[in-house]
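To start, the structure under review is shown below, and the notes come after it.
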Amino acid sequence: MLKLAIQRSELEKKISVAAQAVGSKTVDPILQCLLFKVEDNSLNIYSTDMQTFVVSKLNVPEVEGSGQFAVDAKLLEEIVKNVDNDQIILNYDNGKLNIKSGKSSFNIATYSEPEKFPSIELENTGIKFEIETSILQEMIDRVIFCASTESAMRALNGVYWELKDNYLRLVASDGYRLALVEQKITVDSDIDFILSLKSMKELENLIKETDEPVLTINFDHKKLAVNAGDVTVIMRVVEEVFPDYKRVLPKAFKSRIVFNKDQFLESLKRTMIIAKRGTDKVQLKVLDDTLELSSQSPEYGEVIEEIPIEKEGEDITINFNPRFLNEAVKKIEEEEVVFNFVDELSPMQINSKNVGEYLYIVLPVRA
């Protein structure tokens with residue numbers, strides 16, 4: 001028998017983080033559960049999809065008895081979100097879980113063999129470093145949208161981490177575009193690995209939920225653990241080789257233009273009205289001090305927009321997927337954006353005027 005009294009808001013927060021790691025499609029029903037286990041006078045909540053593991057620790061002032069139980073994650077999350085009392089009492093006995101809050105009472109079936117819940121541990125030997133939570137959150141936000149959403153493309157269906165020369169670099173690509181961001185950190189090891197897109201989204205969710213200013217990261221060459229106070233996310237690395245991103249980075253440019261971010265995005269938004277009804281591409285034409293954006297649709301017509309620019313180098317005409325341009329330019333925080341062109345068939349580099357710690361590479365589309 002096990003009886004716990006918990007603040008509803010705290011339980012809801014911990015369940016919300018843990019539930020993200022629960023497998024949505026699985027033949028093993030225990031992977032759809034959260035495991036509740038009393039350890040060292042605290043309540044630990046475990047979840048996993050076998051790729052990502054989450055451990056949330058709750059300090060529970062009132063505990064009677066000991067033991068563990070596993071309960072359907074989505075069901076419990078919905079119950080906790082909808083009760084209206086500040087306190088929740090969990091009472092587990094002989095396979096049944098009673099959830100009481102105010103005048104509400106639920107009797108829920110639990111998984112019959114909670115001891116079969118998968119476990120994971122880090123090796124004692126490994127690499128450890130710290131990074132500010134806000135910095136890692138910003139780094140992830142700048143690259144994750146470029147990762148491939150195709151699970152079959154295992155090497156690209158995630159984010160590449162590279163620690164080298166006291167820099168942490170995150171790189172993501174779907175084969176048509178690439179995002180790179182780097183941050184100087186203190187670590188004496190050179191390592192690299194890939195985390196799946198699902199693991200990265202769970203990590204992103206943890207970072208958004210935590211109030212911890214600094215994250216502690218441990219890497220044992222097979223798994224990465226990110227600790228944010230009372231929540232830890234452990235992720236298996238993807239056993240694939242990420243393509244050499246340095247080969248994609250242009251070495252020299254034929255043309256370089258500088259323009260106002262907001263002016264470009266407004267013009268691009270109007271150009272996309274026709275583009276999405278036609279070939280889903282936008283043509284960029286660099287002419288002296290003007291950038292012309294245009295798109296055509298055989299059925300609906302055409303659109304032409306112009307914005308002022310500063311230009312270095314030659315005129316150029318080149319075509320792109322407008323969504324890729326829109327998503328990349330929106331991530332530039334500065335008012336001035338730079339497009340660097342090699343030629344009509346080569347990748348274009350997008351960055352701020354001061355270059356900074358991040359850049360984007362976008363492949364053109366054929367006319």
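The table below lists the values:
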| quantity | calculated |
| --- | --- |
| Most mobile listed residue (L156, L345, L170) in the chain, GNM with C-alpha springs under 10 Å | L345 |
| Surface accessible to a 1.4 Å probe, K222 within the full protein complex, Å² | 140 Å² |
| The range 128-187: GluC sites (Glu not before Pro) in DSSP coil with no more than 13 other Cβ atoms inside 10 Å | E150 |
| Whole-number accessible area per residue in Å² for the range 214-290, which is evaluated in the context of all protein chains at 1.4 Å | 51 Å² |
| Under 17 Å from the Cα of K276 - aspartates and glutamates, other chains or at least 8 residues apart | E266, E299, E302, E305, E327 |
| Heavy-atom accessible area order for D211, D220, D165, D280, largest first, 1.4 Å probe | D211, D165, D280, D220 |
| Cleavage-rule hits, GluC sites (Glu not before Pro), the range 228-313, DSSP coil, Cβ neighbours within 10 Å at most 10 | E239, E299 |
| Approximate spin-label separation S112-K353, in nm, with each point projected 7 Å along Cα-to-Cβ | 7.0 nm |
| Residue-level accessible surface for S112, protein heavy atoms, 1.4 Å, Å² | 100 Å² |
| Relative frequency of Cα-Cα separations exceeding 26 Å in the chain, percent | 59 percent |
| Probe 1.4 Å - accessible area at K285, Å² to nearest ten | 60 Å² |
| Potential lengthening between K285 and E64 on full extension [0.36 nm per residue; Cα-Cα distance subtracted] | 72.4 nm |
| Potential extension, R366-V241 segment - 0.36 nm per residue separation minus Cα distance | 42.1 nm |
| Estimated [θ] at 222 nm from DSSP helical runs (n ≥ 4, -39500 (n - 2.57)) normalised by residues in the chain, nearest 500 | -6000 deg cm²/dmol |
| For the range 155-266, alpha-carbon Rg over 2.2 N^0.38 Å | 1.26 |
| Listed residue (I217, P250, V55) projecting farthest to the positive dipole end of the chain, Cβ model | V55 |
| Rough spin-label spacing in nm, given labels placed 7 Å along Cα→Cβ, for K103 and I185 | 5.2 nm |
| Spatially proximal lysines relative to K81 (Cα-Cα < 27 Å; intrachain offsets below 8 disregarded) | K3, K13, K14, K25, K37, K57, K96, K100, K103, K198, K201, K208 |
| Relative contact order of the range 234-327, pairs being alpha-carbon contacts under 8 Å that are 6 or more residues apart, as % | 30 percent |
| Computed over the range 153-306: relative contact order in percent, which uses C-alpha pairs under 8 Å that are six or more apart | 15 percent |
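The values are calculated or read from the model by the stated rules, or taken from the named source; none is laboratory data. Here the structure is a predicted model, which means the values were calculated and not measured. Cβ sites come from the backbone with ideal geometry, for glycine too, and all protein chains shown count toward neighbours. Just the protein is used for accessible areas: all its heavy atoms, side chains included, with ligands, DNA and RNA removed. Shrake-Rupley method; radii C 1.70, N 1.55, O 1.52, S 1.80 Å.
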